[in-house]
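The values are calculated or read from the model by the stated rules, or taken from the named source; none is laboratory data. In this text the structure is predicted, and so the values were computed from the model without any measurement. A quick note on method: Cβ atoms are made from the backbone with ideal geometry, for glycine too, and the neighbour counts reach across all protein chains shown. To get the accessible areas, we keep the full protein, side chains included, count just its heavy atoms, and leave off ligands, DNA and RNA. Shrake-Rupley method; radii C 1.70, N 1.55, O 1.52, S 1.80 Å.
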Amino acid sequence: MARTKQARPIERVPSSEYVEGRPKTMLAQPNAQPELRSNGAPMTKPAAPIAAPEAGATQLVIAVAGIYGSFLTWAYLQEKLTTTPYGPPGATEVFKYPVFLNTIQSLFAAATGSLYLYFSTPRGKAVPPIIPSRRILGPLLLVALTSALASPFGYASLAHIDYITFLLAKSCKLLPVMFLHITIFRKRYPLYKYLVVAAVTAGVAVFTLHSGKAGKSKKHSSTEERNASWGMLLLGINLLFDGLTNSTQDYIFGAFQPYTGPQMMCANNLMMSAVTASYLVLSPWLVHTGLGEWFGMDIAGSAGELTEALAFLARYPSVWTDVLGFSACGAVGQVFIFYTLSTFSSVLLVTVTVTRKMFTMILSVVAFGHRLTRMQVLGVGLVFGGIGAEAHIARREKIAKEEAKKRKALEEKAQ
């Protein structure tokens, strides 16, 4: 992507999968006070932007292929890393170092985000700082903390549930985000949103309850049910942290305009790297404390996660390829997400995201030999049917809003 002049800065538009109705604080209001930047300086009124040429089919193909290619590979490597047994028969072990893996990925993403920020800055203008004011530090730190805390719970859940269940539940980010907005921000949603939540919740429940493990002893079945319940609880905590991350990001983009996606990508991953690296350095001490035992930190070994992860990679050097590939795909995928938002719209991104998750599930079934019962297929249909309906309604609403804006602009021009 060459560093070319853009008609307007890249602005992150929150997907309807997360939140709607955020006020556009950049719009001028009658009798409004002069708007201030996040550092307290008054904002000068920009000149009317020149209309950018519409994106063509080539850019669309690049954006969609980039998201599909990077995230399908990322998901494949994620399942391979967390489920593949290594070592001789009878003494196999699996990769169980999520914080180490997240640290490598966030370092990749921070470096990639820095390059993206540089090349997306219009020619002749200074590269914007990733932390423009002290007031933004708190929300950014919260995003870094929730991002860092979410992944260990998600990876821990994979010890108790299969990857297909994990994928299906991770497709339901709308649930925790709506829950947080209703309980904390007192936001209300239209009826169809609650119907979507009901369909998605029912789909996940049907899929989980019909796991296709009939014919096993009651004792064995009871143990697996307890493990599955524990896995779903861990995954639920992961989704709550994800929801808090997305809600805080929406707040940042609304309260600190013009703060762009590349700035967020770079700042978030740098701060997340600092948080997770601090944990890795302190883990040898924390693992021997009561807090470490309560959180199960000794699962990675008594020497701490960093030492144990490096020892694992020394025993099985080929795993480095998957770790680095996983990290690179995650970083590149983030760039394509922001590129799609800036070049097209959040409506297209929602459509691509929903279909990408469906293809990820198909890839998992084909590549790793998962088998789905008929009731599980019904559960998958309920989940993606609900998400697809929500995306379709959001698309119609967005098109209607854009047409209303055009009519209003024409009316004002005619007067």
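Residues of region 73-118 that are hydrophobic (A, V, I, L, M, F, W, C), farther than 25 Å from Phe166 by Cα and modelled with pLDDT under 90: Ala91 alone. Going by what's in this entry, would Thr248 be described as modelled with pLDDT of 80 or more and open to solvent by less than 50 Å² (accessible area, probe 1.4 Å)? Considered against the rule, which asks whether it is modelled with pLDDT of 80 or more and open to solvent by less than 50 Å² (accessible area, probe 1.4 Å), Thr248 comes out as yes. Among the residues of region 358-365, not a single one is touching a strand residue (DSSP E or B) at 6+ places or on another chain (Cβ under 6 Å), of a type outside the set (A, V, I, L, M, F, W, C) and open to solvent by less than 50 Å² (accessible area, probe 1.4 Å). Can you name the residue in region 88-123 that is surrounded by fewer than 22 Cβ atoms within 10 Å (Cβ to Cβ), touching a residue at least 60 places away in the same chain (Cβ under 8 Å) and in a loop (DSSP other than H, G, I, E, B) and is also nearest to the chain's Cα centre (by Cα) among such residues? Only one residue fits best here, namely Lys96.
Scanning region 180-212 for residues that are modelled with pLDDT of 75 or more, basic (Lys, Arg) and open to solvent by 30 Å² or more (accessible area, probe 1.4 Å) gives a single hit, Arg188. Each residue in region 325-344 was checked for being in contact with a Pro (Cβ under 9 Å, 6 or more places away or on another chain) and either within 12 Å of Gly113 (Cβ to Cβ) or not in a helix (DSSP H, G or I) (or both), and 2 pass.
Checking each residue in region 61-85 for being open to solvent by 10 Å² or more (accessible area, probe 1.4 Å) and of a type in the set (A, V, I, L, M, F, W, C) picks out Val61, Ile62, Val64, Ala65, Phe71, Leu72, Trp74, Leu77. Checking the structure you have, find out if any residue of region 372-391 is under 28 Å from the mean Cα position of the chain (by Cα) and open to solvent by 100 Å² or more (accessible area, probe 1.4 Å). The answer is no; no qualifying residue exists.
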